[in-house]
Amino acid sequence: MANDFAAALTQLDDVAWTQIVNELQASIHPVDRTATRIWFAFFPVKLWRALTTSGDVAATMKKLTIKGQPLLREQVDTSAAFLYGYKYWPQVKTAVSEYAASATAGQPIAAQIKTVAQRVAAQVNASESLLLGITAVAFGTLQQVGAELFKQPAAANDYSQRWNRPADQVVADRRKDDSQGLFGFLKSVDKTFTVNIREGVPGYTFKALNDQDVTMAAQQVPASQYAQDARCKVGEGALPVECRSAACGTCWVGVLSPTEKLSPPNQRERDRWRYFGYEGFTGEADSPIRLACQLKARGNATLVVPPWCGLIGKLDAPEETASAASA
């Protein structure tokens, strides 16, 4: 990837990626519009640069109190599993790798993403709208892991198994709520809803009472079911959580279902977003990045849990200090 395209890709920061994703939004199928935004929030360029330029990744992770796995190089073929377009990941990965080997920086990155998405759409006989989000993710992954690692064939997996429903059906299912029975219209506090934290994989749902906070509801799930995530503590259930007061940021999640199915961000949660450094698209009232301990269920909710948590807001402190000094 030693060409002008590589140089242009390397220079992109989180602000640039936000602009690119925003430019692509209207053309991405609704099934992956929010998921694409969430992926770029989960894997910010600023964290990747901090870890790969520190000289001591372990020390930097400790400084930022990071738990879990934030590096894409350890999850090249799994990080985007919550995107519907992931079913085409092997083809997208190959196409992006081949494109990067000969591309130039002549076109804006968003236009180049569209070019590759069109090629793969024709290859797999699918709508371009289903390929745009996952292709953008592939470009972002390539930036962070480099051409040599990225060009390796996708790991053996049945990529389509998780998504065996039509995309429009997935979108419709995210909008549905559980039936409350024949006299459900009379229920209020005793309504129950389903929270899904790994869409398309059996066994990753739990029930929440109306207006119950999501982390409390998750306690009913035995931690043994989530043993693969060391951040899930015994007695705390299906979600990584510690303080329950928006003080630690451990329980941050992405929201794939309509945000009106959850309570809106309160002022404390808004104030803490920048402190934690979870800034990806969090300036909005309907932000898809939330703290689970502040979420109250008001309908069925589909969430995705990031593979790490930490206090990466510390990375912004030097920039703020420098800005103050130059003012």
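Read-outs throughout are calculated quantities, based only on the coordinates presented, and are distinct from any laboratory measurement. Just so we're clear, the structure is a prediction, and the values are computed from it rather than from any experiment. Note: ideal-geometry Cβ built from the backbone for every residue, glycine included; neighbour counts use all protein chains shown.
With +1 assigned to the C-beta of every Lys and Arg and -1 to the C-beta of every Asp and Glu, and no other charges, what is the dipole magnitude of the chain about the Cα centre in debye, to the nearest 20? Spell out each step's value before the answer.
Numbers: 34 positive and 32 negative charges, 117 e Å.
My answer is approximately 560 debye.
Taken along the Cα-to-beta-carbon direction at a fixed 7 Å, the label points for Ala155 and Gln220 span 3.2 nm. So if we plug the beta-carbon distance of Lys176 and Ala26 into 1/(1 + (r/R0)^6) with R0 = 25 Å, what FRET efficiency do we get, rounded to 0.05? The formula returns an efficiency of 0.50 here. Distant-in-sequence amide contacts of Gly277, defined by a placed amide H-H separation under 5 Å and a gap of 5 or more residues or a different chain, comprise Gly313. Rounded to 0.05, the FRET efficiency of the Asn164 and Asn125 pair, given R0 = 25 Å and the Cβ-Cβ distance, is 0.90.
Of all aspartates and glutamates in the structure, those lying under 15 Å Cα to Cα from Lys207, and not within fewer than 8 positions of it along the same chain, are Asp177, Asp178, Asp190, Glu199, Glu236. Name the aspartates and glutamates eligible as straight-distance cross-link partners of Lys296: C-alpha to C-alpha under 12 Å, and not fewer than 8 places from it in the same chain. In chain and number order, the partners are Asp211, Asp213, Glu260.
Past the 27 Å Cα-Cα mark, which pairs from Lys62/Lys93; Lys87/Lys176; Lys63/Lys87? The partial results should precede the final answer.
Details: Lys62/Lys93 32 Å; Lys87/Lys176 23 Å; Lys63/Lys87 36 Å.
Over 27 Å apart, Cα to Cα: Lys62/Lys93; Lys63/Lys87.
Backbone amide hydrogens, once placed in the peptide plane, bring Leu262 within less than 5 Å of Arg298, excluding anything fewer than 5 places away on its chain. Which of the aspartates and glutamates could a cross-linker span from Lys151 if the Cα-Cα distance has to be under 16 Å and same-chain partners fewer than 8 positions apart are dropped? Straight-distance partners of Lys151: Glu74, Asp77, Glu98. The order of the peptides 38-51, 132-145, 67-80 by mean Cβ neighbours within 10 Å, most packed first, is 132-145, 38-51, 67-80.
Here Tyr84, Tyr99 are placed in order of increasing Cβ neighbour count within 10 Å, fewest first, which gives Tyr99, Tyr84. Phi angles across the stretch 124-135 convert, under the Karplus curve 6.51 cos²θ - 1.76 cosθ + 1.60 with θ = phi - 60°, into 3J(HN,Hα) values of 9, 6, 10, 5, 4, 4, 7, 9, 5, x, 5, 5 Hz, Gly and Pro given as x.
Would you please give the FRET efficiency between Ala7 and Ser54, computed as 1/(1 + (r/R0)^6) with r the Cβ-Cβ distance and R0 = 22 Å, to the nearest 0.05? In this case the efficiency is close to 0.45.
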